[in-house]
Amino acid sequence: MSTATSISSKGPKKTFGQWFAATGWRHLIGVALCIYAAFPLLYVLSASLNPNGTLLSSNGFFSTIGLESYEKLFANEQRPFAAWFANTMFIGLTIAAASVLLGALAAYSFSRMRFKGRRFGLVSLLVVQIFPQLLAVVAIFILLTTLGDVYPALGIDNQIALIMVYLGGALGVNTYLMYGFFNTVPIEIDEAAKIDGAGHARIFFTMILRLVAPILAVVGLLSFISTTSDFVIASVVLVSPENQTLAVGLYSYVSEEFTSNWSVFAAGAVLAAIPVMALFLFLQKYIVGGLTAGAGK
């Protein structure tokens, strides 16, 4: 009796048309979006394995497979791919770590402290973001040229100078983004810690940073992606081939009119995407873990 009751309570089985009208169309859209997103990735991978050196001949996916393009990528002494890769990792990871630390310190100050000029500072951060950093390329070039005469480490064709430029453009948006997330952390936590004798530094490094782990991971990932994929500013600041980044160096394979090698360029693009994907997979667990921990609290 109980079995019959449980079966009847489930109701009649849905037909395919009813299932598709209710939820099936969502699966169809999801599959279409996955195919749309995967197509350019597969196309570039197929072109990197095609020894013919063109993109047009790679219409037949993986019809020709070879590693000649990857061998040429590392064998060209005039275009040191390994140096470009190391430079990109150094600049990207440095910018990601510095942006997270400095942005978090500034966001904590704006969120937890009350001082003269606080409102003006927040509005200024918001207004500055209206103007993209690209508009200041000429000013950046003149400034670094002048600074290079006094401090060579901050001049043109120096990676430290490029890091300083990136930090100056990233602190504004990162600080404002973190500021909104810091405001979601109850201030009662700070007050309880102050009663126990904790100062701002101890509260920030031992308590607040753990509670805002999701936004730290997001800011670090976005900073790394924007830095490693930037071309305009990096091409202006870095001149020597051994100091260039992947975005600037790989462009030399397709910038020449008669010697464009799209297959080698595609091989470099595939290898350049690996660190970004690896960092995303590494930070994903921190993003999810921070969200679930915050919900549990």
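The values are calculated or read from the model by the stated rules, or taken from the named source; none is laboratory data. Only a predicted model underlies this, so the values are computations on that prediction, with no experimental measurement involved. With ideal geometry, Cβ positions are generated from the backbone for all residues, glycine too; neighbour counts draw on all protein chains shown. These accessible areas exclude ligands, DNA and RNA; they are computed on the full protein's heavy atoms, side chains included. Shrake-Rupley method; radii C 1.70, N 1.55, O 1.52, S 1.80 Å.
Regarding Thr184, is this residue of a type in the set (S, T, N, Q) and more than 18 Å from the chain's Cα centre (by Cα)?
yes
Considering only the stretch 97-108, I want to know if a residue exists there that is touching a residue at least 24 places away in the same chain (Cβ under 8 Å), among the aromatic types (Phe, Trp, Tyr), open to solvent by less than 40 Å² (accessible area, probe 1.4 Å) and part of a helix (DSSP H, G or I).
Scanning the stretch 97-108 turns up at least one residue that is touching a residue at least 24 places away in the same chain (Cβ under 8 Å), among the aromatic types (Phe, Trp, Tyr), open to solvent by less than 40 Å² (accessible area, probe 1.4 Å) and part of a helix (DSSP H, G or I).
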Entirely in the stretch 124-243, the helices (runs of 4 or more DSSP H) that have 1 or more residues that are within 29 Å of Pro80 (Cβ to Cβ): 137-150, 159-182, 213-229, 232-237
Qualifying residue in the stretch 158-167 (condition: more than 24 Å from the chain's Cα centre (by Cα) and either open to solvent by 30 Å² or more (accessible area, probe 1.4 Å) or of a type outside the set (A, V, I, L, M, F, W, C) (or both)): no
Selected residue (only one of Val218, Val173, Val212, Val239 is in contact (Cβ under 8 Å) with a residue 40 or more places away in the chain, under 30 Å from Arg79 (Cα atoms) and of a type in the set (A, V, I, L, M, F, W, C)): Val239
Answer from Leu143, Leu162, Leu122 - the residue that is touching a residue at least 12 places away in the same chain (Cβ under 8 Å) and over 29 Å from Phe282 (Cβ atoms): Leu122
Phe265 vs. criteria buried (at least 16 other Cβ atoms within 10 Å of the Cβ), assigned to a helix (DSSP H, G or I) and not aliphatic (A, V, I, L, M): yes
The lone exception for Gln78 - which of (1) part of a helix (DSSP H, G or I); (2) at pLDDT 85 or above it fails: (1)
The stretch 212-234 - residue that is open to solvent by 20 Å² or more (accessible area, probe 1.4 Å) and touching a Ser or Thr at 6+ places or on another chain (Cβ under 9 Å) and, of those, farthest from Gly92 (Cα to Cα): Phe231
Candidate set: the stretch 65-93, residues that are in contact with a Phe, Trp or Tyr (Cβ under 9 Å, 6 or more places away or on another chain) and closer than 30 Å to Leu209 by Cα; chosen: the one most open to solvent (accessible area, probe 1.4 Å): Leu93
Meets criteria (touching a residue at least 24 places away in the same chain (Cβ under 8 Å) and either in a helix (DSSP H, G or I) or closer than 21 Å to Val128 by Cα (or both)) for Ser252: yes
Whichever residue in the stretch 109-119 is assigned to a helix (DSSP H, G or I) and open to solvent by less than 70 Å² (accessible area, probe 1.4 Å) and, among such residues, is farthest from Ala234 (Cα to Cα): Arg112
Which listed residue is among the aliphatic types (A, V, I, L, M), more than 30 Å from Asn261 (Cβ to Cβ) and open to solvent by 40 Å² or more (accessible area, probe 1.4 Å), from Leu122, Leu154: Leu154
